[in-house]
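The values are calculated or read from the model by the stated rules, or taken from the named source; none is laboratory data. In this text the structure is predicted, and so the values were computed from the model without any measurement. Methodologically, a virtual Cβ is constructed for each residue, glycine included, from the backbone with ideal geometry; neighbour enumeration extends over all protein chains shown. Side chains are part of the model used for accessible areas, which takes the heavy atoms of the whole protein and leaves out ligands, DNA and RNA. Shrake-Rupley method; radii C 1.70, N 1.55, O 1.52, S 1.80 Å.
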Amino acid sequence: METIPAALLARAGLAALPNVPNILFMTGRKFGSTGQAWLTWAMNVLVPALAAERFRDSRIVAFSSGNVYPLTPVQHGGPTEDHPPGPVGEYAISALGRERMFEHFSHQYGTAAVILRLNYAIDLRYGVLRDVADKVYHSAPVDLAMGAANVIWQRDANSVALRAFAHTQSPPLILNLTGPETVSIRAVAQRFAQLFGLEPILTGTESPTALLNNASRCHALFGYPSVSLDQMIQWIAHWVSLGGRSLNKPTHFEQRDGKF
């Protein structure tokens, strides 16, 4: 793997990059958006526009976010790709803007693309499950207001992203990318507590809505993720109990007002 530094907000920086047949677009900004929304918009809307124009002849798989959807009733199982966007907050709105830029240039130049609406990727060092595990392990309260989420093991998300190049099209194919379960935060906290031999501290009450994502279309194309929810929980519990490294970057999945 070769890393090539580039100033992505400058056309000259993008122009200096080599022409390649496939682009996996992963740039973006989320945390710190409150108070610096201008930079979030530049990274999430301007950079995609510049990149889509520069690499118009490449196939593009672009990461987006499930945050482009509104909060929806938990009992409905999450919005499919046919659900109208309803982003909450400047980050989420700019994430939808990123999608629109790729759509625009795909229509203009015929660029073949896939847009992946991801939430939430998980590994041992980061993610919703690690957030909950840390709180349970350190006897910190787990807020239940955002009472449900979707998760997928990072390797499974990576696998879908790479295989998605075979499905690029113009206009872009939009796919939700996550695991098959609507995950109860209460149940996850209780499972971690069981594995740690502790009692969880649960606060608040589950709201009837949550930020969710129905990835059944993705599963029909690529199959179910290889790593189950309980396997993720067991791995993370073992890692935390060993003092395994954390990226110290909470997901803030609990935020219901879209402020990050």
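I'd like to check something: does the range 112-119 contain any residue that is open to solvent by less than 10 Å² (accessible area, probe 1.4 Å), part of a helix (DSSP H, G or I) and closer than 21 Å to Ser216 by Cα?
no
If you scan the range 60-82, which residues turn out to be open to solvent by 60 Å² or more (accessible area, probe 1.4 Å) and closer than 21 Å to Ala164 by Cα?
Asp82
Could you grab the pairs with beta carbons closer than 7 Å, sequence gap of 6+ or different chains, first residue in the range 18-33 and modelled with pLDDT of 90 or more, second one part of a loop (DSSP other than H, G, I, E, B) and open to solvent by less than 40 Å² (accessible area, probe 1.4 Å)?
Val20/Ser58; Pro21/Ser58; Asn22/Ser58; Ile23/Phe55; Ile23/Ser58
Given the conditions (1) assigned to a loop (DSSP other than H, G, I, E, B); (2) open to solvent by 20 Å² or more (accessible area, probe 1.4 Å); (3) of a type in the set (Gly, Ala, Ser); (4) touching a helix residue (DSSP H, G or I) at 6+ places or on another chain (Cβ under 9 Å), report the number of the one that Ser139 does not fulfil.
(4)
If only one of Ala166, Ala189, Ala157 is within 28 Å of Asp257 (Cβ to Cβ), of a type in the set (Gly, Ala, Ser) and more than 20 Å from the chain's Cα centre (by Cα), which one is it?
Checking each option against the conditions leaves just Ala189.
Report those helices (runs of 4 or more DSSP H) wholly inside the range 143-260 carrying at least 3 residues which are more than 30 Å from Trp38 (Cβ to Cβ), in contact with a helix residue (DSSP H, G or I) (Cβ under 6 Å, 6 or more places away or on another chain) and of a type in the set (Val, Ile, Thr).
In the range 143-260, 229-241 are the helices (runs of 4 or more DSSP H) which contain 3 or more residues that are more than 30 Å from Trp38 (Cβ to Cβ), in contact with a helix residue (DSSP H, G or I) (Cβ under 6 Å, 6 or more places away or on another chain) and of a type in the set (Val, Ile, Thr).
What do you reckon, is Ala16 farther than 26 Å from Pro171 by Cβ, small (Gly, Ala, Ser) and open to solvent by 70 Å² or more (accessible area, probe 1.4 Å)?
yes
Restricting the search to the range 167-226, which residues are free of Cβ contacts under 8 Å to residues at least 60 places away in the same chain, over 25 Å from Leu71 (Cβ atoms) and out of contact with any strand residue (DSSP E or B) (no Cβ under 9 Å at 6 or more places or on another chain)?
Ala193, Gln194, Leu195, Gly197, Glu199, Ala220, Gly223, Tyr224
Can you find a residue in the range 241-253 that is over 19 Å from Val132 (Cβ atoms) and basic (Lys, Arg)?
no
Being small (Gly, Ala, Ser), surrounded by fewer than 16 Cβ atoms within 10 Å (Cβ to Cβ) and under 17 Å from the mean Cα position of the chain (by Cα) is the filter here, so list the residues in the range 20-59 that pass it.
If the condition is that a residue be small (Gly, Ala, Ser), surrounded by fewer than 16 Cβ atoms within 10 Å (Cβ to Cβ) and under 17 Å from the mean Cα position of the chain (by Cα), then Gly32 is the only one that fits.
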